[in-house]
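> I have a structure I would like to understand better, so I am pasting it below and will then ask my questions one at a time.
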Amino acid sequence: MNKTIPLSVPYLSLDILKNLEETIRTGWVSTGGRFIQEFEMKVADYTGVKRALSCQSGTAGLHLALRALGVGYEDEVIVPTLTFIAAVNPVTYTGAEPVFMDCDDTLNMDLDKLETFLKEECRHVKGRVINKRTNRTVKAVIVVHVFGNPLDFDRLMAIRNTYNVKIIEDATEALGSFNLSGRYANRHCGTIGDVGVYSFNANKIITTGGGGMIISHNQQLLEYAEFLSHQAKADPLYYTHDEIGYNYRMTNIQAAFGTDQIDRLEGFIETKIINYKLYEQALQGIEGLTLLPFREDARANHWFYSLYIEKEKYGMDARELLRKLNDHNIQSRPLWGLIHKQKPYVKHQQFCIEKANSFEGALINIPCSSSLTAEDIEIVTEVLTPQTKSHFMVPPLLARLR
């Protein structure tokens, strides 16, 4: 039986046991305890913001961000169609409607089409952006840094400032990623827009098992999001509630994981970049198989690795290759189904979606865990190499790391 190589699993150290032991010994296992504040401070320090607010998940963080920005009924939010559906569902939680936007070659939202939509498909009345087709106010844009690849911040914020729409950064995949040039150089994904959100799900670059984090330079926004996440409790002692709130708080046990994981983040990113380069070198020359690049003018965290398959050149399509990899106990997955085609969203507005259609059904993700070894990469590459090729040769960089 072949060794199982998982797609993306956390790299955990037994050093974390002392934190977990403290939560058990003190009884602080739920939504209070010192590790919550410690983890928030560490994330804020790492990303260069004044404060970070922990929450129950990345999805909860997006919901709180939308509520804190005042998004509600009769509003619209522009969202990408190429992303995980959790980036879009919170829009509907608020009663607002999503408008779906195409991607570019990086898989991120096509900012040219975003600007065209805001300029040509909307009216601008007294600071409001109104969709001509629906007469609804376009209140915000959710952008996702897909697989850890940052958007062009300068262009994004120029659009934000010109058209007066709020920007929510879904940085759930992009903790540790930033641009290397431009006005926003070296500022982390999640810290550029009006509000940013991270996720610590088990497959993310660091994990708390679950959980998320909201960051913003707007302290009033964070305070309101915190209020909502505590069931909108208006009095610290008495059970007075002025609004509908949510139980969206992170637990102390989750944060106990996070305080250890955040200290290891830069090491995880270094490993992921090395492993990406190993794949890149090993897959050179395989016709019809392209490892999608990360932006050269950014320090991407290289969270997920994507292969683009051209059936005519490679000899099999993405679905066939996916089956082959999994038959060899190599966990891999297809690209998400485009959200504007999903049953709950087929009737919602979409704008000039073209590029995303070309990626759907042609991309797969291959193993990328922080614990992935050179030997694992060699096994994956051997399976990816067509049998018609000559015997698989270990690339020089991979051989040196053995």
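> Do we find a residue being farther than 26 Å from Ile253 by Cβ, among the polar types (S, T, N, Q), in contact (Cβ under 8 Å) with a residue 12 or more places away in the chain and not assigned by TED's automatic domain parsing to the domain that holds Ile364 anywhere in region 196-215?
As a first pass, look at region 196-215 and keep what is farther than 26 Å from Ile253 by Cβ: none.
Scanning region 196-215, I find no residue that is farther than 26 Å from Ile253 by Cβ, among the polar types (S, T, N, Q), in contact (Cβ under 8 Å) with a residue 12 or more places away in the chain and not assigned by TED's automatic domain parsing to the domain that holds Ile364, so the answer is no.
Let's see how each residue does on (1) of a type in the set (A, V, I, L, M); (2) within 22 Å of Val9 (Cα to Cα); (3) outside the structural domain of His145 (by TED's automatic domain parsing):
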| position | (1), (2), (3) |
| --- | --- |
| Glu270 | no, yes, yes |
| Ile273 | yes, yes, yes |
| Lys277 | no, yes, yes |
| Gly285 | no, no, yes |
| Leu291 | yes, yes, yes |
| Glu296 | no, no, yes |
| Ser306 | no, yes, yes |
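> Right, something else. Quick check on my filter: what residues within region 328-351 are crowded, with 21+ Cβ neighbours inside 10 Å and part of a helix (DSSP H, G or I)?
Ile339, His340, Tyr345, listed by residue number.
> Follow-up question, since we're still on this one. Confirm whether Ser177 is out of contact with any Asp or Glu (no Cβ under 7 Å at 6 or more places or on another chain), assigned by TED's automatic domain parsing to the domain that holds Glu40 and touching a residue at least 24 places away in the same chain (Cβ under 8 Å). Quick ask: steps written out before the conclusion?
Numbers: out of contact with any Asp or Glu (no Cβ under 7 Å at 6 or more places or on another chain): yes; assigned by TED's automatic domain parsing to the domain that holds Glu40: yes; touching a residue at least 24 places away in the same chain (Cβ under 8 Å): yes.
So Ser177 fits the description; yes.
> Return the residue satisfying two criteria in turn: it lies in region 41-76 and is touching a helix residue (DSSP H, G or I) at 6+ places or on another chain (Cβ under 8 Å) and among the charged types (D, E, K, R), and of such residues it is surrounded by the fewest Cβ atoms within 10 Å (Cβ to Cβ).
Within region 41-76, the match that is surrounded by the fewest Cβ atoms within 10 Å (Cβ to Cβ) is Lys50.
> Counting only residues that are part of a strand (DSSP E or B) and surrounded by fewer than 24 Cβ atoms within 10 Å (Cβ to Cβ), which one in region 193-210 is farthest from the chain's Cα centre (by Cα)?
Going residue by residue through region 193-210, those that are part of a strand (DSSP E or B) are 195-199, 201, 209.
Restricting the remaining residues to those that are surrounded by fewer than 24 Cβ atoms within 10 Å (Cβ to Cβ) gives 201, 209.
On the way: Asn201: 10, Gly209: 16 Å.
Once the filter is applied, the top-ranked residue is Gly209.
> Being in contact (Cβ under 8 Å) with a residue 40 or more places away in the chain and within 23 Å of Thr385 (Cα to Cα), is that true of even one residue in region 256-270?
No; the residues of region 256-270 include none that is in contact (Cβ under 8 Å) with a residue 40 or more places away in the chain and within 23 Å of Thr385 (Cα to Cα).
> From the list Ala140, Ala158, pick out the single residue that is small (Gly, Ala, Ser), surrounded by fewer than 22 Cβ atoms within 10 Å (Cβ to Cβ) and not in a loop (DSSP other than H, G, I, E, B). Write out each step before concluding.
Values: Ala140 fails: surrounded by fewer than 22 Cβ atoms within 10 Å (Cβ to Cβ).
Matching residue, one of Ala140, Ala158: Ala158.
> Between a residue in region 271-298 that is at positive phi and any residue that is surrounded by 18 or more Cβ atoms within 10 Å (Cβ to Cβ), which pairs come within a Cβ distance under 6 Å, given they are 6 or more apart or on different chains?
Short answer, once both residue conditions are applied: Gly288/Tyr314.
> Same structure, new question: Got at least one residue in region 245-257 being assigned by TED's automatic domain parsing to the domain that holds Val195, small (Gly, Ala, Ser) and within 21 Å of the chain's Cα centre (by Cα)? Can you show your working first?
Applying the first criterion (assigned by TED's automatic domain parsing to the domain that holds Val195) to region 245-257 yields 245-257.
Adding the requirement that they be small (Gly, Ala, Ser) leaves 245, 255-256.
Still in the running and within 21 Å of the chain's Cα centre (by Cα): 255.
Yes, there is a match, as at least one residue in region 245-257 is assigned by TED's automatic domain parsing to the domain that holds Val195, small (Gly, Ala, Ser) and within 21 Å of the chain's Cα centre (by Cα).
> Test Leu221 against the stated conditions and say whether it is modelled with pLDDT under 95 and more than 20 Å from the chain's Cα centre (by Cα). Let's see the steps before the verdict.
On the way: modelled with pLDDT under 95: no; more than 20 Å from the chain's Cα centre (by Cα): yes.
So Leu221 does not fit the description; no.
> Another one. Please verify whether region 99-112 includes one or more residues that are among the hydroxyl-bearing types (Ser, Thr, Tyr) and within 18 Å of the chain's Cα centre (by Cα). Full working, then the answer.
Initial filter on region 99-112 (among the hydroxyl-bearing types (Ser, Thr, Tyr)): 106.
If we keep only those that are within 18 Å of the chain's Cα centre (by Cα) as well, we get 106.
Within region 99-112, one or more residues are among the hydroxyl-bearing types (Ser, Thr, Tyr) and within 18 Å of the chain's Cα centre (by Cα).
The values are calculated or read from the model by the stated rules, or taken from the named source; none is laboratory data. Because the structure is predicted, anything quoted here is derived from the model rather than measured. Cβ coordinates were reconstructed from backbone atoms using ideal geometry, including for glycine residues, and neighbour counts include every protein chain displayed.
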